[in-house]
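Enquirer: The structure's right below; bear with me while I get my questions together.
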Amino acid sequence: MKVSDENSILSLVQKYEANDLPLEAIWLPCNYNHDKEPFTLDPAKFPNGIKVFNELHEKGIKIIPCVAPYIAKKSSGKYYNLLINEKLSILEGMGKETYIGKTNDGESGFIDFFNPNTYAKLWQPGLKALFAATNFDGLWLDFNEFTTLETNEAYPTDSPFSPKNLNM
């Protein structure tokens, strides 16, 4: 059963309970976001917000939302603008501009986890906002690595991290 909103989650839980099956966790796919904005919860899909997640916790069910290592250009803006303006993204052209790749959400910039400012400026505040919205117990890092669907390359060829630029 696809878990895509509050009703589908509650329906799934009811089916498990009706059949006396154990259910330890709900894994939320990345479509829980509002307008593709990471670290947010779509109020149309989750009208009761954190209340439904707290009810699941009362039943002993853990919440594990998906978080992607990229931010879509078509997101509502706050985190994408932060990614670009603070240069918290993977850069191309030997570090001059944000590398934009194609992902499930369209054109996206990729979070640079090696940048010492990324945690304090983007990742920590984003995860705090997501925790406030979902009271999550763990995270599912979608794609787990730098990937673009457009070229199927693991990294841009002119990236400073490309093997050709690392003398590998």
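Enquirer: Quick one: would you say Glu107 is surrounded by 14 or more Cβ atoms within 10 Å (Cβ to Cβ), of a type in the set (D, E, K, R), more than 30 Å from Tyr16 (Cβ to Cβ) and in contact (Cβ under 8 Å) with a residue 60 or more places away in the chain?
Expert: Criteria not met by Glu107.
Enquirer: Condition (residue is β-branched (Val, Ile, Thr), within 19 Å of Leu139 (Cα to Cα), modelled with pLDDT under 95 and surrounded by 21 or more Cβ atoms within 10 Å (Cβ to Cβ)) applied to region 70-78: is it met by at least one residue?
Expert: For region 70-78, residues β-branched (Val, Ile, Thr), within 19 Å of Leu139 (Cα to Cα), modelled with pLDDT under 95 and surrounded by 21 or more Cβ atoms within 10 Å (Cβ to Cβ): present.
Rundown of residues vs (1) within 29 Å of Leu12 (Cα to Cα); (2) not in a helix (DSSP H, G or I), yes/no style:
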| site | (1), (2) |
| --- | --- |
| Asp42 | yes, yes |
| Phe53 | yes, no |
| Tyr80 | no, no |
| Lys87 | no, yes |
| Ser108 | no, yes |
| Asn115 | no, yes |
| Lys121 | no, no |
| Leu127 | yes, no |
| Leu130 | yes, no |
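Enquirer: Which residue, of Asn31, Asn7, is within 16 Å of the chain's Cα centre (by Cα) and either of a type in the set (S, T, N, Q) or not in a strand (DSSP E or B) (or both)?
Expert: Working: Asn7 fails: within 16 Å of the chain's Cα centre (by Cα).
So the residue among Asn31, Asn7 that is within 16 Å of the chain's Cα centre (by Cα) and either of a type in the set (S, T, N, Q) or not in a strand (DSSP E or B) (or both) is Asn31.
Enquirer: Still on this structure, please answer the following. Among the residues of region 107-151 satisfying the criterion of being at pLDDT below 85 and not charged (D, E, K, R), which is farthest from Ile64 (Cα to Cα)?
Expert: Of all residues in region 107-151, those at pLDDT below 85 come to 142-151.
Right, trim to not charged (D, E, K, R) and you get 143-144, 146-149, 151.
Numbers: Phe143: 15, Asn144: 15, Phe146: 21, Thr147: 22, Thr148: 24, Leu149: 25, Thr151: 30 Å.
Looking at residues that are at pLDDT below 85 and not charged (D, E, K, R), I get Thr151.
Enquirer: What single numbered condition from (1) at pLDDT 75 or above; (2) buried (at least 19 other Cβ atoms within 10 Å of the Cβ) fails to hold for Tyr155?
Expert: (1)
Enquirer: For region 63-120, what are the residues that are farther than 20 Å from Lys36 by Cβ and of a type in the set (Lys, Arg)?
Expert: Selection gives Lys87, Lys96.
Enquirer: Would you tally the residues in region 56-73 being more than 11 Å from the chain's Cα centre (by Cα) and assigned to a loop (DSSP other than H, G, I, E, B)?
Expert: 4
Enquirer: Looking at Leu28, Leu56, which one is under 16 Å from Phe131 (Cβ atoms), in contact with a Cys (Cβ under 8 Å, 6 or more places away or on another chain) and surrounded by 16 or more Cβ atoms within 10 Å (Cβ to Cβ)?
Expert: When all the criteria are applied, what remains is Leu28.
Enquirer: Ok, one more. Given the structure, is Ile100 surrounded by 15 or more Cβ atoms within 10 Å (Cβ to Cβ), touching a helix residue (DSSP H, G or I) at 6+ places or on another chain (Cβ under 7 Å) and either in contact (Cβ under 8 Å) with a residue 60 or more places away in the chain or on the phi < 0 side of the Ramachandran plot (or both)? Spell out how you get there, then give the answer.
Expert: Values: surrounded by 15 or more Cβ atoms within 10 Å (Cβ to Cβ): yes; touching a helix residue (DSSP H, G or I) at 6+ places or on another chain (Cβ under 7 Å): no; either in contact (Cβ under 8 Å) with a residue 60 or more places away in the chain or on the phi < 0 side of the Ramachandran plot (or both): yes.
Against the criterion (surrounded by 15 or more Cβ atoms within 10 Å (Cβ to Cβ), touching a helix residue (DSSP H, G or I) at 6+ places or on another chain (Cβ under 7 Å) and either in contact (Cβ under 8 Å) with a residue 60 or more places away in the chain or on the phi < 0 side of the Ramachandran plot (or both)), Ile100 does not qualify.
The values are calculated or read from the model by the stated rules, or taken from the named source; none is laboratory data. Because the structure is a prediction, the values reported are computed rather than measured. Cβ coordinates were reconstructed from backbone atoms using ideal geometry, including for glycine residues, and neighbour counts include every protein chain displayed.
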